[in-house]
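Read-outs throughout are calculated quantities, based only on the coordinates presented, and are distinct from any laboratory measurement. These numbers come from a predicted model, not from an experiment. FYI the Cβ positions are ideal-geometry reconstructions off the backbone, even for glycines, and counts take in every protein chain you see.
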Amino acid sequence: MPRTLIRKNPSNFKTLPLFVEATPESLTYQSIGMPLNFTQTLARRRKIDVEDSERFSTELANLGVSVRLTLRWQNRDYWVLVRQRRQDRGDVVLKLISGYVPAHELNLPLHTAVQEVAEECLIETPQGWLGGRFNETWLPAPYAAALHYREAMPFRLTPLSGAALPVRCGSLTLIESPRAYVHLPTASLQLIYDMRLEVPKEARPLSLFHVDESLENNELVARLNRSKPDLYLMPLENGSPLPELYTLKNDKLSPAGTRGLYLAESFAPQEGWVVREERIRWKDWLVQQGLTPKKKPKSGLTKLRIKARRLVRLVRSGLHK
């Protein structure tokens, strides 16, 4: 049974619409208008278009933030992806850890990003759940009322190298250089921070779970479902992704199926400052990356079927001679 960890009033969340100016050299955003609640923000997320993907000015519904999280585990790197049913778009995708930036953090979205890691990526050991630190700052323990956290052995978040082009909030250049794109289908500005997550070697065996909020009867509810961990690891080789997905439970990696899988728009092609797609098929993303998925080993039953078909073909060809 899924375990309810926390309930929130969605009306308490407020963000602000944006005005964005983009040039080939940089992107600048600033807030406009009055604060909006979650429902009002969703109502403004409607498809827009721009004539020039590198130079434009436009109003947007909100600022979103994501973390391309690289987990270092047993001397190997993995990207961390999470499964989300997107109620506003009616689909299910694998995406980066992400969330909406509240009004009071528009000039410091990095703070929102590290909090999203604490809320969405849960790391369990037999002695309890791991707390975390970003550099020297402790991350919040969002579910402390429901889960036992181990403060003595935190995971550590550190920034990785950022994007080349600067992003500014007004005249302030954002620290850690996030990648930015304007998502045209939802009229939103999205920032992606690159970070590394390192877990203490003594903290084992590890299990990873994703927890996300969903809107139910005018409440934002976060639940932990052990039967559906919904957190996936994509292995890297020399910094490049491999066409494989796994879940991690009790230090054991289990392959995850990719049939019919879609990735969120942050994996789709970016033109200048814009992304035009809602999502991208796993197969199409592999082609885009020049990757070939591993062929599954044939089972004994499959081998028997192949032999039977060959035998039938031989018999038929003999009859026609």
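If R0 equals 30 Å, the separation of the Cβ atoms of A146 and N250 corresponds to a calculated FRET efficiency of about 0.90.
Taking the longest Cα principal axis of the chain as reference, the axis of helix 300-319 is set at about 50 degrees. The charge dipole of the chain, taken about the Cα centre with unit charges on the Cβ atoms of Lys, Arg (+1) and Asp, Glu (-1), comes to about 2800 debye, rounded to the nearest 20.
Phi-derived couplings, Karplus 6.51 cos²θ - 1.76 cosθ + 1.60 at θ = phi - 60°, listed residue by residue for the stretch 186-201: 10, 6, 10, 9, 10, 10, 10, 9, 8, 9, 10, 10, 10, 9, x, 4 Hz, with x used for Gly and Pro. By DSSP, what percent of the beta bridges with both residues in the stretch 3-319 are antiparallel, rounded to the nearest 5? Expressed as a percentage, antiparallel bridges in the stretch 3-319 total about 75.
Other residues lying with their Cβ under 12 Å from the Cβ of G162 contribute a combined charge of 0, Lys and Arg counting +1, Asp and Glu -1. For the stretch 77-233, the normalised intensity computed at q = 0.17, 0.21 Å⁻¹ comes to -1.15, -1.60 (log10 of I(q)/I(0), Debye sum over alpha carbons, equal scatterers, no solvent). Our summary gives the chain a relative contact order of 20 percent, counting only alpha carbon pairs under 8 angstrom and 6 or more residues apart. The amide H of L36, built 1.01 Å from its N in the peptide plane, has T15, L16 as neighbours under 5 Å, considering only residues 5 or more places off or on other chains. Of the GluC sites (Glu not before Pro) found in the stretch 117-169, those that fall in a DSSP loop while having at most 15 other beta-carbon atoms within 10 Å are E136.
With K and R counted +1 and D and E -1, the other residues having a Cβ less than 10 Å from that of I97 yield a net charge of -2. The reciprocal of the average 1/r between distinct C-alpha atoms defines the Kirkwood hydrodynamic radius, which for the stretch 3-319 equals 21.3 Å. Length gained on full extension, N107 to E176, computed as 0.36 nm times the residue gap minus the Cα-Cα distance: 23.5 nm. Couplings 3J(HN,Hα) of the stretch 256-270, computed from phi: 10, x, 10, 5, x, 7, 10, 9, 5, 5, 5, 8, 6, x, 10 Hz, in residue order, whole Hz [Karplus 6.51 cos²θ - 1.76 cosθ + 1.60, θ = phi - 60°; x for Gly and Pro]. As a proxy for reagent exposure, ranking Y78, Y100 by other Cβ atoms within 10 Å from fewest up yields Y100, Y78. In this label model, M34 and L236 are separated by 4.5 nm, measuring between points 7 Å along each Cα→Cβ vector.
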